[in-house]
Amino acid sequence: MATSPSSRIRHRHRRLRLVEQGQLSPPLQPDEYTGFVTKDDDGEEEQTRNWAELPLDALLAVLVRLDLADVLLGAGHLCRPWRRAAREEPVLWRRIDIGRSSKLGMDYRFQPAVRAAVRRRVRWCEAFCADGSNGDLDFFFVFLPDVTPHLKSLRLTLTECNTVTKQGLNKAISKLGMLEELELSLTCDTALSRSDGLAATCAVAAGACPLLKHLWLNKYRFQWQSNVGDGEAIEVAKMHGLRSLQLFGNSLGNAGLAAILDGCVSLESLDIRHCFYVEMNDEMRGKCARLKTLKLPEYSMDGYELSFGCPEMDPGSPDRILYYFSPI
């Protein structure tokens, strides 16, 4: 059972009185390698480690296993060497996640000290994950590309709270030529949810990010329209190095899917759940045969981590809505 601070203080004072009265031996001197050696009330030696003397490689092995929020608000305050490591070691800041579900994201929103610490150290980041609920994405779109041109992963979840413009997003991506992963996911209906709403952004990524291997382009829901929207798919097809692709709720049709399969020759994994304009005929199944992983429009949403809305289907084809309620 944990003891209160007051009980620990009383215990320490009692030990000091016993030492003064000669009833208890004083603590032994600190050992150079193992830390402090003392004796308990029964006269048996106790050995405690001096954590401030922990070698840097061992210290980093501990800190990299912690959430950055725990490093900033907990371990980083333990002692001076730990505080220095939390502030100055780039390896701890290779990945920064200030998304809604992350612990650091919660602290980032409500603690100015954490927000300032993240901003100062984002220059060491190689993987950045955020969502619009932080209300701070504009700052990163202006600042992040200029100080972290080596960024390899950018994963953004845009919500109803975000103020990101399409122009700002495109300008930021155009400066990130080392990107290998890109996610643009919408968790609400916005202007970007419309057909081809992110086509220009895909075009920028295709031209500026030749190393791109993994792409997530997710809408909040499938929205039926009078015309198929292949604009985004045509730009994705220019990303010839893609190995995995997730398009949720997209308005692409068979022509757009065929362009992707023909253009992305290294593609191994394809997820087109809720892309209900795609008709998986014999031609499409033949083109998809080389894929290792394939999730079709009517497949179950198991494993999909984002929120999504019920698809808005063609009023003249009510049977198509059954896909949503009939997971495979």
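Using +1 on the beta carbon of Lys and Arg, -1 on that of Asp and Glu, and nothing else charged, what's the dipole of the stretch 53-114 about the Cα centre, debye to 20? Let's see the in-between values first.
On the way: 10 positive and 8 negative charges, 39 e Å.
It works out to roughly 180 debye.
Could you order peptides 175-185, 286-296 by the average number of other Cβ atoms within 10 Å of their residues, highest first? Don't jump to the answer; show the numbers that get you there.
Numbers: 175-185: 18.9, 286-296: 13.4.
With the highest mean Cβ count within 10 Å placed first, the list reads 175-185, 286-296.
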**Report entry** Efficiency of FRET from Cβ geometry, GLU268 and VAL62, R₀ 25 Å, rounded to 0.05
**Finding:** 0.10
**Report entry** Rounded FRET efficiency, nearest 0.05, which uses the C-beta distance separating LEU211 from VAL142 and R0 of 25 Å
**Finding:** 0.60
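How large is the convex hull of the Cα atoms of the stretch 144-292 per residue, expressed in Å³ as a whole number?
Numbers: hull volume 13.9 nm³, N = 149.
Measuring per residue, one finds 93 Å³ for the Cα hull of the stretch 144-292.
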Query raised in the report: Which of ALA86, VAL62, ALA113 sits closest to the plus end of the dipole of the stretch 53-114, meaning its Cα is farthest towards the positive end, when Lys and Arg get +1 and Asp and Glu get -1 on the C-beta?
Result: ALA113
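Whenever you get a sec, compute what percent of the accessible area on the stretch 53-114 sits on carbon and sulfur atoms (1.4 Å probe). Write down the numbers at each step before the final one.
On the way: 1920 of 3520 Å².
That share works out to 54 percent.
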Report summary line: Once amide hydrogens are built 1.01 Å from N within the peptide plane, the residues lying 5 or more places from PHE248 or on another chain with amide H under 5 Å from its amide H are LEU217, ASN218, LYS219
Requested in this report: Write down the radius of gyration of the stretch 53-114 and its Dmax, each obtained from C-alpha positions, in Å.
Outcome: 11.6, 36
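The values are calculated or read from the model by the stated rules, or taken from the named source; none is laboratory data. Since we're looking at a predicted model, the values are computed, not measured. Cβ atoms come from the backbone with ideal geometry, glycine included; neighbour counts cover every protein chain shown. Please note that ligands, DNA and RNA were not included when accessible areas were found on the heavy atoms of the full protein model with its side chains. Shrake-Rupley method; radii C 1.70, N 1.55, O 1.52, S 1.80 Å.
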